[in-house]
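Report on the following structure.
The values are calculated or read from the model by the stated rules, or taken from the named source; none is laboratory data. Predicted model, so just to flag it, every value in this text is computed and none were measured. Quick reminder, even Gly has a Cβ in these numbers, built from the backbone with ideal geometry, and neighbours come from all protein chains shown. Please note that ligands, DNA and RNA were not included when accessible areas were found on the heavy atoms of the full protein model with its side chains. Shrake-Rupley method; radii C 1.70, N 1.55, O 1.52, S 1.80 Å.
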Amino acid sequence: SQVPDCLAPTKEDISKLLACTVHTGTRNLDHEMKRYIFKRRNDGFYIINLHKTWQKLMLAARAIAAVDNPADVCVISARPWGQRAVLKFAQYTGSQAIAGRYTPGTFTNQIQKKFIEPRLLVVTDPRLDRQSIVEASYVNIPVIGMCNSDSPMNFVDVAIPGNNKSKLSIALMWWILCREVLRLRGVISRDQEWDVMVDMFIHREEQGEQAEEPENTFSKPAEAAASTPSAEWGGQPAADGSWPGQSSA
């Protein structure tokens, strides 16, 4: 094994990787990802070797911890399920996070207000974060990518094999990476469990709360319009000049 004994996974770590389906790939396979595949199931899905996943997670954590200035590390996720994870990773490690759409020219156009010059780039999905990887290759920035069985490996220096299409899998890989970086920096101890739960890195849906607000907003005007008699909006005035429904003085 290329992982030292102090970096070896525990039974709880392996159980979390299996519970979050980090080992589940897709039905397609990139030729450069064959080395990380354990086997193929009867339904056509490829199974990723978790031993190699853990090795690459530890390698990526050591590369991130080796950067002197934490702000020189840039983490990116264009996939919505990984945006909360990269923001939490940046919060605990002090790195820069780009959650959402990547603005072209962030690494190459010095006129931009958001121009940055990171020393290391970590992406959630090499396919969706393609623009940032290409620009990193122009300015010689090493790239760490979480790659599924069908992910392109062009310009990716360190590939972390894992399921990058599940919000649970993405959150767990970022959580393990963040925990290991903090352990290597001496922020937290290996003898104690990290007090931050994986749930903090998992994407949360807010569509249910937003859908209830318009219903409550428009329910009262609709009820008011329905309760208004049609006679109040039409008809002819009475002989004394008053309209229907209006009391005479």
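Once segment 88-104 is narrowed to residues that are within 16 Å of S132 (Cβ to Cβ), touching a strand residue (DSSP E or B) at 6+ places or on another chain (Cβ under 9 Å) and not aromatic (F, W, Y), the residue that is surrounded by the fewest Cβ atoms within 10 Å (Cβ to Cβ) is G100. Per the listing I76, I48, the residue uniquely free of Cβ contacts under 8 Å to residues at least 60 places away in the same chain and surrounded by 16 or more Cβ atoms within 10 Å (Cβ to Cβ) is I76. Take the conditions (1) more than 20 Å from D199 (Cα to Cα); (2) surrounded by 14 or more Cβ atoms within 10 Å (Cβ to Cβ); N69 misses just one of them, which is (2).
Once segment 154-165 is narrowed to residues that are part of a loop (DSSP other than H, G, I, E, B) and of a type outside the set (A, V, I, L, M, F, W, C), the residue that is surrounded by the fewest Cβ atoms within 10 Å (Cβ to Cβ) is N154. Pull up segment 34-69, narrow it to residues that are of a type in the set (F, W, Y) and part of a helix (DSSP H, G or I), then point me to the one that is farthest from I176 (Cα to Cα). Checking each candidate, the answer is Y36. Mind listing just one residue for me: the one in segment 184-202 that is in contact (Cβ under 8 Å) with a residue 40 or more places away in the chain and open to solvent by 40 Å² or more (accessible area, probe 1.4 Å) and, of those, farthest from T21 (Cα to Cα)? This residue is R185.
Restricted to segment 158-205, and to residues there that are acidic (D, E) and either out of contact with any Leu (no Cβ under 9 Å at 6 or more places or on another chain) or modelled with pLDDT under 85 (or both), the residue that is nearest to I48 (Cα to Cα) is D199.
How many residues does segment 132-153 hold that are touching a residue at least 24 places away in the same chain (Cβ under 8 Å) and either of a type outside the set (S, T, Y) or open to solvent by 10 Å² or more (accessible area, probe 1.4 Å) (or both)?
Of the residues in segment 132-153, 13 are touching a residue at least 24 places away in the same chain (Cβ under 8 Å) and either of a type outside the set (S, T, Y) or open to solvent by 10 Å² or more (accessible area, probe 1.4 Å) (or both).
If I ask for residues that are aliphatic (A, V, I, L, M) and under 18 Å from A78 (Cβ atoms), which ones from segment 160-176 would you list? Passing the criteria: I160, I170, A171, M173. Quickly run through segment 73-96 and pick out the residues that are closer than 20 Å to S166 by Cα and either hydrophobic (A, V, I, L, M, F, W, C) or touching a Ser or Thr at 6+ places or on another chain (Cβ under 8 Å) (or both). Across segment 73-96, the qualifying residues are V75, I76, S77, A78, R79, W81, G82, Q83, A85, V86, L87, F89.
Of the residues L177, L168, only one is open to solvent by 10 Å² or more (accessible area, probe 1.4 Å) and touching a residue at least 12 places away in the same chain (Cβ under 8 Å); which? Selected residue: L168, the only one of L177, L168 that is open to solvent by 10 Å² or more (accessible area, probe 1.4 Å) and touching a residue at least 12 places away in the same chain (Cβ under 8 Å).
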